[in-house]
Amino acid sequence: MTDRAVEPLPPSGPSLTVAAVARQLGVAPATLRTWDRRYGVGPSSHEPGAHRRYSTEDISRLERMRRLVMSGVSPAEAAKWALAGQDPAAQAPAESTSAPESSTRSGGGNVLSLPGARGEVRGLARAAQALDTQECQRILTEAIDEHGVVDAWDGIIVPVLSAVGEKWSNTGRGVETEHALSAAVQEVLGSWIQSCAPSQPSRSVILACAPGEQHALPLWAVAGALAERGVAARILGPNLPEDALGRVVTRLGPAAILLWCQVSDSADVQMVEHLPVTRPAPTVLLGGPGWPDHDYGRGVSRTLDLKDCVERIGRALG
Ligand code: B12
């Protein structure tokens, strides 16, 4: 789907820690540990009991793996290519790196699969597929005006996003639709927030994505629904590094923190456990299907939908 520029790798030099490599590649430390554990793409020499240290060659391999995963290759497949020191793009047409085609599964053709969907949903899907971002924005603005953010998100936006995602996973196609729709959703929610002119609560609300996590739209939905209630939130966007979050929490002493994690590779349980202690303690909400079931400790809990999330943030603010 998207890719990002990565700083050039050092030509040689001392081996790096997992945190330094994670920073350099723009992925979560937990992802690097998972790639090592599951696929054997880790440091070439790792002595039991010692910290992982990555050599320049290890980092090049990880960079290849990251690039393949970001271009849509499954992690298992990407690991095989990375370990073999090869790039599938150099061996075969680009489409062979996409998920296999299937014309029988739902969403596999040129249309989005939205059985029984209401008119606004079909209209938004059509506009998104036509890459008509103005029409997407018009439909979204009207939907939010008419139904409010929570209902527009759950009833109109989520079904279309899910169908777009499903189509991509079935056919490897539709990334452009996904980008156009995401941009329109973010744009409209941004304007909505501005138009509500929400005021900053006495203790802040922080909305951020876990490190490595690029799916930030739900943060905008939460901010939009809070704005509707007059409450301003601080959206810290995608891929927030653990140390940055720590600094923000210490600095602002927030009443509530939402950490979004859409894909499990971005879920960093330790990051949640290492949040700085502030008084009064914030309500920490973990949103998104990427978080594993785990006992995260006091004050931390999962939130499963937008309404619940916004209500709990409201309660945290008192
Ligand atoms: C838009 C999108 C992108 C955009 C994001 C743009 C942006 N500004 O956010 C971009 C292009 C960056 C992107 C990138 C990628 N994406 Co993407 N993306 C999506 C898409 C279409 C929508 C994401 C979204 O906003 N979801 C939010 C809602 C719509 O989805 P949901 O979580 O399923 O909703 C449920 C719950 O979370 C809950 N819920 C809904 N809203 C809310 C709100 C709150 C506050 C709460 C608490 C709960 C809640 O209710 C829903 C129903 O149960 C999804 C499809 C999908 N179904 O999500 C794929 C999807 C998430 N992406 C996917 C993938 C694989 C990727 C990439 C790895 C692909 C690649 N190789 O490049 C990358 C990198 C991701 C990374 N490391 O973060 C997969 C993830 C598969 C998996 N389970 O791991 C998905 C599911 C597509 C698919 N069907 O395969 N993506």
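Just for the stretch 265-274: of the residues that are crowded, with 22+ Cβ neighbours inside 10 Å and aliphatic (A, V, I, L, M), which one is farthest from the ligand (Cβ to nearest atom)?
M271
I need a count of the residues in the stretch 146-189 that are without any contact (Cβ under 8 Å) to a residue 24 or more places away in the chain and near the ligand (Cβ under 6 Å from one of its atoms).
Qualifying residue count, the stretch 146-189: 3.
Taking only the stretch 276-299 into account, find how many residues are more than 19 Å from A233 (Cα to Cα), more than 15 Å from the ligand (Cβ to nearest atom) and crowded, with 20+ Cβ neighbours inside 10 Å.
So the count comes out to 0.
Does the stretch 22-47 hold any residues that are among the hydroxyl-bearing types (S, T, Y) and in contact (Cβ under 8 Å) with a residue 12 or more places away in the chain, and which are they?
T31, T34, Y39, S44, listed by residue number.
Which one of these does P276 not meet: (1) in a helix (DSSP H, G or I); (2) in contact with a helix residue (DSSP H, G or I) (Cβ under 7 Å, 6 or more places away or on another chain); (3) over 18 Å from V149 (Cβ atoms)?
(1)
Which residue pairs have Cβ atoms under 7 Å apart, sit 6 or more places apart or on different chains, and have a first residue in the stretch 228-239 that is over 14 Å from W260 (Cα atoms) and a second that is among the hydroxyl-bearing types (S, T, Y)?
The qualifying pairs are G230/S199; A232/S199.
Only one of R302, R229, R312 is within 20 Å of the chain's Cα centre (by Cα) and within 15 Å of the ligand (Cβ to nearest atom); which?
Answer to the check: R302.
Table: residues versus (1) in contact with a Leu (Cβ under 9 Å, 6 or more places away or on another chain); (2) on the phi < 0 side of the Ramachandran plot.
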position: W153; (1), (2): yes, yes
position: A163; (1), (2): yes, yes
position: S169; (1), (2): no, yes
position: S182; (1), (2): yes, yes
position: Q186; (1), (2): yes, yes
position: L189; (1), (2): yes, yes
position: S202; (1), (2): yes, yes
position: L207; (1), (2): yes, yes
position: N239; (1), (2): no, no
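When you scan the stretch 257-264, do you find a residue that is within 13 Å of the ligand (Cβ to nearest atom), closer than 30 Å to I157 by Cα and surrounded by fewer than 20 Cβ atoms within 10 Å (Cβ to Cβ), even just one?
yes
Quick check on the stretch 248-256. Is at least one of its residues in contact with a Leu (Cβ under 6 Å, 6 or more places away or on another chain), within 30 Å of S195 (Cβ to Cβ) and within 15 Å of the ligand (Cβ to nearest atom)?
no
Filter the stretch 116-145 down to the residues that are within 16 Å of the ligand (Cβ to nearest atom) and not in a helix (DSSP H, G or I), then identify the one that is farthest from W192 (Cα to Cα).
Among residues in the stretch 116-145 that are within 16 Å of the ligand (Cβ to nearest atom) and not in a helix (DSSP H, G or I), the one farthest from W192 (Cα to Cα) is A117.
Every read-out reported here was derived from the displayed coordinates using simple, explicitly stated rules and does not represent laboratory data. Everything numeric here is computed off the predicted structure, so don't read it as measured data. Quick reminder, even Gly has a Cβ in these numbers, built from the backbone with ideal geometry, and neighbours come from all protein chains shown.
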